[in-house]
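One structure is given here, and the rest of the page talks about it.
The values are calculated or read from the model by the stated rules, or taken from the named source; none is laboratory data. Everything numeric in this text was worked out from a predicted model, so none of it was measured. Because the Cβ atoms are built from the backbone with ideal geometry, glycine has one as well, and the counts that use them run over all protein chains shown. When the accessible area is computed, the model is the full protein with side chains, heavy atoms only, and any ligands, DNA or RNA have been set aside. Shrake-Rupley method; radii C 1.70, N 1.55, O 1.52, S 1.80 Å.
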Amino acid sequence: MRKTHLPHRYILISAIMLIFLGTAAILIWQQNRTPSAMQEDFLRIASGNYNAAFLSTYPIETYQEEDFSYYRGLSLFKASYCIPDISVLQNYMTELTASDNNIVIVYLGMDPDLISPLELQELLTLYPSVHFEVILSYPSARDWQELSQAAYEKSLEAYCSFLAAAPALGTNVAVYFYGTQEWLVSNPGNYDATTGQLTEPIARTVMLHSDRDHSYQVTGDNAAILADELAAFTGRFRNTPVDFPDLSDYCFVFFGDSIIGNFTDSSSIPGVVNGLSGALSYNLGQNGTCASQLDATMLSLPLVTDAFFQGNLSAIPQDSNVYQGLASYLETPSTDRQLCFVINYGINDYFADAPISSEDPYDIATYCGAIRSSVSTIRANVPDARILLCTPTPITRNQNGTEPQGITGNTLEGYANALAGLSQELGTELLDNYHELDITPENETWFLSDKVHPTHACRYLLGTRILELFR
């Protein structure tokens, strides 16, 4: 009887089917294990056209791709998945370098609690042609305070170890650290109250300073110093939390020049006051302006004060910060709060050689006359308002402001001294920044960004000095 081979064929076909189904099941299982956000990221990498990437172990939603394009000229891929460990970071790097994209720079947001410097170094050495800009995570003061003692010690050790190793990660690697910057981590206003992420303006600031040769880069010269500072800094506010007065029933209105108006986010002087005290703050500062009304078209202090109390936006240029600040105030008037007006002018009056005073005490073409006139207007409208006059901050231009700028012969100190006397005459509060900030050639870069305007750290200091007056 002839034997048939049909059963063998069935067995072979069945085996092939089982192998196929098994392979498919494994692929489906692996795909299901891969978070959908990661899958979507890999699809974007494969279909996009990028020359840079931002991968992070902490959330980076508030970093905007447009900022990297505008300020750095980069076409950035930003991962939407929060990377949990070194193996996932390796997967992302594999996808990036295997794609048709020519990746020349990768920003890495690193939490030392999740990835060690040794793990990172072993990975980054595989990509010698890529520049890596590593941004260490920046827990807020509140985050450090809420850790248990054991968790705090473990995290502190991880950060210090990373800082110590940072300078040796590779010639194509730069590490940036903001964790000891009080202006950043001690101001709750810099962090979103719901997500804990940096606000978009502060994320932009961090991005702009995370570039080689910036002061926040970790180097062989400062790594040990930064580790010591972090230990002292976090230990201090764990043991003695930052304590500023609760001014949630206050409304601050700031009139001033670029010292007030150049920044409008939470790192500005009004933003610091708001973030640390809960007070409402309205920024009506404007760069390039004087207290004195030197010509009819100038946005002087008396003009701004009159527009404020008249609610007259038409008197203010729409593209000015004064307009934005006044419009914001008019949208949410705070009649149930204690009003406090902060007046900070003097540097531009000095640069413009404005007269300090004249025979007419209310001559708004003079520095003292303009301020005296505005204080009178404030008191006529809000008799119980608190008024704080701030002397101009010191500068290191023009031989520290000692060079007269015109025929008056006035120095910057002349304006500061006049304001101190005016405050005593008018019975206002005084913040004498000119005489009380000790700015020297050795420390000027900490205080001043361009020999005139305060740095982030100095603006934080000026904001806290205001709050100390209300303690």
> Taking a ≥ b ≥ c as the square roots of the eigenvalues of the Cα gyration tensor of segment 191-248, is the shape rounded (a/c under 1.5), prolate (a/b larger than b/c) or oblate?
Replying inline: oblate
> What angle, in degrees between 0 and 90 and rounded to the nearest 10, separates the Cα long axis of helix 86-98 from the longest principal axis of the Cα atoms of the chain?
Replying inline: 80
>> Please report, in whole Å³, the volume per residue of the convex hull around the C-alpha atoms of segment 327-427.
In response: 117
>> With Kirkwood's inverse mean 1/r over C-alpha pairs for Rh, give me the Rg to Rh ratio of segment 38-136, two decimals please.
In response: 0.92
> Projected area of segment 291-364, taken from the Cα convex hull and averaged over every viewing direction, in nm²?
Replying inline: 6.0
>> Using C-alpha positions alone, give me the convex hull volume of the chain per residue in cubic angstrom.
In response: 206
> Among T411, N381, S267, which residue has its Cα positioned farthest towards the positive end of the charge dipole of the chain, with +1 placed on the Cβ of Lys and Arg, -1 on the Cβ of Asp and Glu, and the dipole taken about the Cα centre?
Replying inline: S267
>> Give me the dipole magnitude in Debye, nearest 20, for the chain about the Cα centre, with unit charges on the beta carbon: positive for Lys and Arg, negative for Asp and Glu.
In response: 2080
> Helix 223-239: angle to the longest alpha-carbon principal axis of the chain, degrees 0 to 90, nearest 10?
Replying inline: 70
>> Using 0.36 nm times the number of residues separating S314 and E40, minus their current alpha carbon distance, what extension gain do you get?
In response: 93.7 nm
> For D450 and Q145, what is the calculated FRET efficiency with R₀ set at 45 Å and r taken between the beta-carbons, to the nearest 0.05?
Replying inline: 0.85
>> Restricting to Cα pairs below 8 Å that are 6+ residues apart, what does the relative contact order work out to for the chain? Please round to a whole percent.
In response: 11
> What is the list of residues in segment 123-147 whose amide nitrogen lies under 19 Å from a point 7 angstrom out from the Cα of R238, following Cα to Cβ?
Replying inline: 137-147
>> Leaving out ligands and nucleic acids, and using a 1.4 Å probe, what accessible area per residue does the chain come to in Å²?
In response: 47
> Using +1 on the beta carbon of Lys and Arg, -1 on that of Asp and Glu, and nothing else charged, what's the dipole of segment 69-202 about the Cα centre, debye to 20?
Replying inline: 280
>> Using all alpha carbons of segment 380-428, what is the percent of pairwise distances in each 5 Å bin, ordered from the shortest bin to the longest?
In response: 5, 18, 21, 19, 14, 11, 7, 6, 0
> Quick one: net charge of A151's neighbours, Cβ under 15 Å, K/R +1, D/E -1?
Replying inline: -3
>> Bin width 10 Å, origin at 0, all Cα-Cα pairs of segment 111-227: what percent of pairs per bin?
In response: 13, 42, 35, 9, 0
> By how many degrees, 0 to 90 and rounded to 10, does the Cα axis of helix 149-165 deviate from the longest principal axis of the chain?
Replying inline: 90
>> Rounded to the nearest percent, how much of the accessible area of segment 250-361 (1.4 Å probe, protein heavy atoms only) is carbon and sulfur?
In response: 46
> If you find the alpha carbon centre of segment 370-441 and of segment 205-249, how far apart are they in angstrom?
Replying inline: 31
